[in-house]
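Student: My questions all concern the structure below.
We did not get these values from a lab; they are worked out from the coordinates using the rules stated. In this text the structure is predicted, and so the values were computed from the model without any measurement. Cβ: placed from backbone, ideal geometry, glycine included. Neighbour counts: every protein chain shown.
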Amino acid sequence: MEKVDIDGNMIEVEYVKKPWIRNSYLKFSDNRLVVVSKSERTMQKMIVEHRSWISKHYKQIMNSVRLFDSGSIFYGSKKYNVGYVNSKARPRADILGEDLIIYANSKEAAERFVDRMIRDDTERFAGEMAVAKAAQIGASVGEVKVRRYRKWGVCKNDRTISFNYCISMLPKELQDYVVSHEVAHLKEMNHSGRFWDVVSILCPEYKRFRRELKRYDSVRRRIYAV
Ligand SMILES: [Zn+2]
């Protein structure tokens, strides 16, 4: 794979030639720069012209924390290397030091088991924490759901709060912030100053945690290389 030097960072580049497209574009696929363009000449030009954009995004990507990665995941706020052992018995997991070993009858079954394990963990604390935090501000929660989506959490007008199934993978203080944020919406359905005042009652250090949470990437990637 070809590499380009951007501000001293050797970034992998993938050129995709599509003669039929009108507008060339750049994007990142994980930490690899992808240049899609109609000719080789425009590809090189794109990189030169967009150096600062490339540099900024590359730094952001390198600074991000991936909850799911090939070969590793966060589990209970801690990062583990994930191993797979073929087994005919019911899927299960074992923690051995830094390793999380999944026993299952296929890699696909192991992936599903990992998701269920993470979801169970989130279900174990999120609802209870939301109810306790709501009581703290004299509000009541409707239903609490655990879902798989991009957002960390959503609070609806009918007081239903939904959490991303993988919030159990986050560090404890960030879990606390996510729950506090959604619960605060029970009082203020917006992101006004008044809303943040409510958040600060539930999670006094929210400013730091909010900034920190931006580094976390919850995209579900395959853990096992196939
Ligand atoms: Zn919000």
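Student: Mind grabbing the base-10 log of I(q)/I(0) for the chain at q = 0.18 Å⁻¹? Debye formula, identical points on the C-alpha positions, no solvent, two decimal places.
Tutor: -1.15
Student: Compare the Cα positions of Leu186, Ile167, Gln44 along the charge dipole of the chain (+1 at Cβ of Lys, Arg; -1 at Cβ of Asp, Glu; about the Cα centre) and return the one farthest towards the positive end.
Tutor: Looking along the dipole axis, the top candidate is Gln44.
Student: Sticking with this structure for a sec: Would you compute the Debye intensity of the stretch 2-63 from its alpha-carbon atoms alone, equal scatterers and no solvent, and pass along log10 I(q)/I(0) at q = 0.22, 0.25 Å⁻¹ to two decimals?
Tutor: Calculated log10 I(q)/I(0) at the listed q: -0.84, -1.06.
Student: Amide H of Gly83 versus every other amide H placed in the peptide plane: which residues, excluding those fewer than 5 positions away on the same chain, fall under 5 Å?
Tutor: Hits under the 5 Å cutoff: Leu100, Ile101, Ile102.
Student: What ranking do Tyr206, Tyr15 get, fewest neighbouring Cβ atoms within 10 angstrom at the top?
Tutor: Working: Tyr206 20, Tyr15 15.
Fewest-to-most Cβ neighbours within 10 Å comes out as Tyr15, Tyr206.
Student: Still on this structure: Once every DSSP H run of n ≥ 4 in the chain is given -39500 (n - 2.57) and the sum is divided by its residues, what mean residue ellipticity at 222 nm do you get, rounded to the nearest 500 deg cm²/dmol? The partial results should precede the final answer.
Tutor: Working: 6 runs with 83 residues, N = 226.
So the helix-based figure for the chain works out to -12000 deg cm²/dmol.
Student: For Gly142, what is the net charge nearby, where nearby means another residue's Cβ is under 11 Å from its Cβ and Lys, Arg count +1, Asp, Glu -1? Spell out each step's value before the answer.
Tutor: Working: positive: Lys145, Lys156, Arg159; negative: Glu143, Asp158.
My count for the surroundings of Gly142 gives +1.
Student: Sticking with this structure for a sec: Past the 30 Å Cα-Cα mark, which pairs from Lys27/Lys156; Lys3/Lys151; Lys27/Lys79? Show your work: numbers first, answer last.
Tutor: On the way: Lys27/Lys156 33 Å; Lys3/Lys151 33 Å; Lys27/Lys79 28 Å.
Pairs exceeding 30 Å: Lys27/Lys156; Lys3/Lys151.
Student: Using the count of nearby Cβ atoms within 10 Å as a rough guide to exposure, how do Val144, Val85 rank from fewest to most?
Tutor: Details: Val144 21, Val85 11.
The fewest-first ordering by Cβ neighbours comes to Val85, Val144.
Student: So, one more: Based on the alpha-carbon gyration tensor of the stretch 25-90 and its eigenvalue square roots a ≥ b ≥ c, which shape applies: rounded if a/c is under 1.5, prolate if not and a/b is larger than b/c, or oblate? Provide the component values of the computation, followed by the final result.
Tutor: Numbers: a/c = 5.91, a/b = 2.30, b/c = 2.57.
Taking the square roots of the gyration eigenvalues as a ≥ b ≥ c, the stretch 25-90 is oblate.
Student: Same structure, new question: Given H placed 1.01 Å from N in the peptide plane, which residues other than close sequence neighbours of Ile6 have an amide H under 5 Å from its amide H?
Tutor: Excluding prolines and chain starts, which carry no amide H, the hits are Ile11.
Student: Give the whole-number value, in cubic angstrom per residue, of the convex hull volume spanned by the C-alpha atoms of the stretch 112-217.
Tutor: On the way: hull volume 9.8 nm³, N = 106.
So the per-residue hull volume is 93 Å³.
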